[in-house]
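Peer 1: Dropping a structure here in structure tokens format, bear with me for questions.
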2 protein chains.
Amino acid sequence: MSDMPIYTATAGTFYGAGVGPGDPLLVTMKTHQLIQSADVVSYIANTDGHSQARDIARYSLAQRSTPVEEVAVPMPMSTDRILANAAYDQAAEQLRQHLQAGQSVVFLCEGDPLFFGSFSYLLQRLSDDFNCLVVPGISSVNASASALQQPLTLLQESFVVVSGRHTDEQLRSALEQHDSVVIMKAGRARPRILAMLHATGRWQDGNYLEYIGRDNQRIINDLDNLADEPGPYFSLFVILRQERPA
Amino acid sequence: MSDMPIYTATAGTFYGAGVGPGDPLLVTMKTHQLIQSADVVSYIANTDGHSQARDIARYSLAQRSTPVEEVAVPMPMSTDRILANAAYDQAAEQLRQHLQAGQSVVFLCEGDPLFFGSFSYLLQRLSDDFNCLVVPGISSVNASASALQQPLTLLQESFVVVSGRHTDEQLRSALEQHDSVVIMKAGRARPRILAMLHATGRWQDGNYLEYIGRDNQRIINDLDNLADEPGPYFSLFVILRQERPA
């Protein structure tokens, strides 16, 4: 009988730890163990102080035997890069002080830390001065396929990920050239995405998902049932061929 | 203090459960719990009887309080679809008998069940007759980014996944058109991939990884140090721009 290895946060080290897309049980044992042993647990919060990443990790935090210092990093929901970079500068400075004091800092990331996430910007600011480690998490791409019970890729199928931040031409090119297409951050771009699905003949291939793995999860397999209006930030499209290779 | 929810395998249900890329601690708590409660645990094995997926889940299996029935599914390592489909037919028939007897069957999948995996073919064969559920796993794509400590995607960058099974023209097109490119199943295709990285001017952007998260993990950031010869099946390339958006 072999005991599960124990992974403990190391002094003065900055960890990016994925917590997955929303279901608290999709946290890995590695991230769970890091949360148990960290000196400081940090995460992005909105202006109300609410943090999705902390919410997903709430059971892991509740299992700690000792209290933990939590650092909520306020992040404006804005596409203004100057605002965002100022927020990352400020957060990095705050975390730097904990790391310099020899504390281990675990930064919780929704989904995977290095896939369309804020963690990358903190890593850029801290990696020259501190030991950094990254623990991957389940991305919403993989969680979507599981929720749909449809393969993302089979054999020679090609697979591309784009986002609602891409231009119409980029969306069109992805839809025309690739078998499987995931469109992340659909939110405000939903009407543009729907128009491109029509224009490229991929309407029937489209599935829409929001808040995957959360209590308010919603899946629409027939896009005729989806309103042509902006939606929540945590929404995405998964476009899969009707005929798949065997 | 809130207790962690418990996820229990349901009678007569077929589960695909990702175990992640290799590190036993990258198993999610959901898959870990499923393994604790399953009547039958199944996995692909090679002709020697060795199973990577079982190996990754060995600690979770060892923690069970009761013995479990294990079903190893032999799978020929071949690109011959007739051979492979015959093996899937036979495996589905075997699992069908357990499900019909009302047992819960958890099929362990390396990485994520629905991303380039064998589970899709079993799901196709069993989903009409049985309740099926899929638990996502960390894919080697996300694990690679963590191992490299490099973002897969930032802002408007585009991201495509191809495999060594794609043609030269498909590889070329992916490398020319997308910022971030992951090439899975590099194995025997390594010389072709290296030639395409040269031809498209992406040589400097390339990173090579094999056996991520296992004891024999190997990462090469400078492709000049990588032999121009076929490599192991569990190897991949991650191609990232030298200059990233801020």
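Coordinate-derived values only; no laboratory data. Here the structure is a predicted model, which means the values were calculated and not measured. Please note: Cβ atoms are built from the backbone with ideal geometry, for glycine as well, and neighbour counts cover all protein chains shown.
Peer 1: Note down the nm distance, to one decimal, between modelled labels 7 Å out along Cα→Cβ at B:D222 and at B:A195.
Peer 2: 2.6 nm
Peer 1: Can you list the distances in nanometres, one decimal and ascending, from the A:D89 label point to the identical position in each other copy, with the point 7 Å along Cα to Cβ?
Peer 2: 6.7
Peer 1: Hey, what's the Cα Rg ratio for the stretch A:13-135 versus the globular rule of thumb, 2.2 N^0.38 Å?
Peer 2: Computed over Cα atoms of the stretch A:13-135, the ratio equals 0.97.
Peer 1: So, one more: Past the 29 angstrom mark, what percentage of all C-alpha to C-alpha distances in chain A do you count? Provide the component values of the computation, followed by the final result.
Peer 2: Numbers: 10807 of 30135 pairs.
The share of Cα pairs beyond 29 Å in chain A comes to 36 percent.
Peer 1: How big is the dipole moment of the stretch A:60-129 about its Cα centre under a simple scheme where the beta carbon of each Lys and Arg is +1, that of each Asp and Glu is -1, and everything else is neutral? Debye, nearest 20, please.
Peer 2: The calculation lands at about 60 debye.
Peer 1: So what is the 222 nm mean residue ellipticity for the protein assembly as shown from helices alone, if each DSSP H run of at least 4 adds -39500 (n - 2.57) and you divide by all residues, rounding to the nearest 500 deg cm²/dmol? Numbers along the way, then the final one.
Peer 2: Details: 16 runs with 152 residues, N = 492.
The helix contribution divided over the protein assembly as shown gives -9000 deg cm²/dmol.
Peer 1: Now for a separate question. For A:A227, which inter-copy label distances result when the label point lies 7 Å beyond Cα on the Cα-to-Cβ vector, reported in nm to one decimal and in ascending order?
Peer 2: List, nearest first: 6.1 nm.
Peer 1: If you place +1 on the Cβ of every Lys and Arg, -1 on the Cβ of every Asp and Glu, and leave all else neutral, what size is the dipole of chain A about its Cα centre, to the nearest 20 Debye? Intermediate values should be presented prior to the final figure.
Peer 2: Working: 18 positive and 27 negative charges, 10 e Å.
So the dipole magnitude of chain A works out to roughly 60 debye.
Peer 1: Considering the zone a paramagnetic label at B:R244 would reach in this model (a point 7 Å from Cα along the Cα-to-Cβ line), which residues of the stretch A:65-97 have amide N under 18 Å from it?
Peer 2: A:81-82, A:84-93
Peer 1: Please state the charge dipole magnitude for the stretch A:1-60, taken about the Cα centre, from unit charges on C-beta atoms (+1 on K and R, -1 on D and E), reported in debye and rounded to the nearest 20.
Peer 2: I would put it at about 60 debye.
Peer 1: If you average the sequence gap of Cα pairs under 8 Å that are 6 or more apart and divide by the length of the stretch A:1-114, what percent do you get for the contact order? Write down the numbers at each step before the final one.
Peer 2: On the way: 191 pairs, mean separation 51.1, N = 114.
This gives 45 percent for the stretch A:1-114.
Peer 1: Measuring from label point to label point, each 7 Å out along Cα→Cβ, what is the A:A101 to A:R214 span in nm?
Peer 2: 3.2 nm
Peer 1: How crowded by other chains is B:176-186, given as the mean number of beta carbons from other chains within 10 Å of each beta carbon? Kindly include the intermediate steps, with their values, before the conclusion.
Peer 2: Details: counts 0, 5, 4, 0, 2, 1, 1, 0, 2, 0, 0.
Per residue, the average neighbour count from other chains is 1.
Peer 1: Now for a separate question. Under the classification rounded if a/c is under 1.5, otherwise prolate if a/b is larger than b/c and oblate if not, where does the stretch A:1-84 fall, given a ≥ b ≥ c as square roots of the Cα gyration tensor eigenvalues? Please report the intermediate quantities before stating the final value.
Peer 2: On the way: a/c = 2.15, a/b = 1.85, b/c = 1.16.
Taking the square roots of the gyration eigenvalues as a ≥ b ≥ c, the stretch A:1-84 is prolate.
Peer 1: For A:T200, what residues show an amide H to amide H distance below 5 Å, using hydrogens built from the backbone and excluding near sequence neighbours?
Peer 2: Correct list: empty.
Peer 1: With the cut-off at 1.5 for a/c, could you classify the protein assembly as shown from its C-alpha gyration tensor as rounded, prolate or oblate? Kindly include the intermediate steps, with their values, before the conclusion.
Peer 2: Details: a/c = 1.30, a/b = 1.11, b/c = 1.17.
Judged from the Cα gyration tensor, the protein assembly as shown comes out rounded (a/c under 1.5).
Peer 1: Partner chain Cβ atoms within 10 Å, averaged over the residues of A:108-114 - can you pull that number for me?
Peer 2: Details: counts 0, 0, 0, 1, 8, 6, 11.
Taking all residues of A:108-114 together, the mean is 4.
Peer 1: Can you give me the angle between helix B:81-100 and the longest principal axis of chain B, using Cα atoms only, in degrees from 0 to 90, rounded to the nearest 10?
Peer 2: 30 degrees
Peer 1: Answer with one residue from A:P191, A:S173, A:N216: the one whose Cα lies farthest towards the positive end of the charge dipole of the stretch A:140-239, charges on Cβ with Lys, Arg +1 and Asp, Glu -1.
Peer 2: Going by the Cα projections, it comes out as A:N216.
Peer 1: Tell me, what does the Kirkwood hydrodynamic radius of the stretch B:40-105 come to in angstroms if you use every pair of distinct C-alpha atoms? Present the calculation step by step, with values, prior to reporting the outcome.
Peer 2: Values: mean 1/r = 0.0769 Å⁻¹.
Kirkwood radius, the stretch B:40-105: 13.0 Å.
Peer 1: Round to a whole angstrom and tell me the spacing of the C-alpha centers of the stretch B:26-56 and the stretch B:165-210.
Peer 2: Going from one Cα centre to the other spans 32 Å.
Peer 1: Which distances, in nm and shortest first, link the A:A11 label point to the same label point in every other copy, taking 7 Å along Cα→Cβ?
Peer 2: Ordered by distance, the counterparts are at 5.5 nm.
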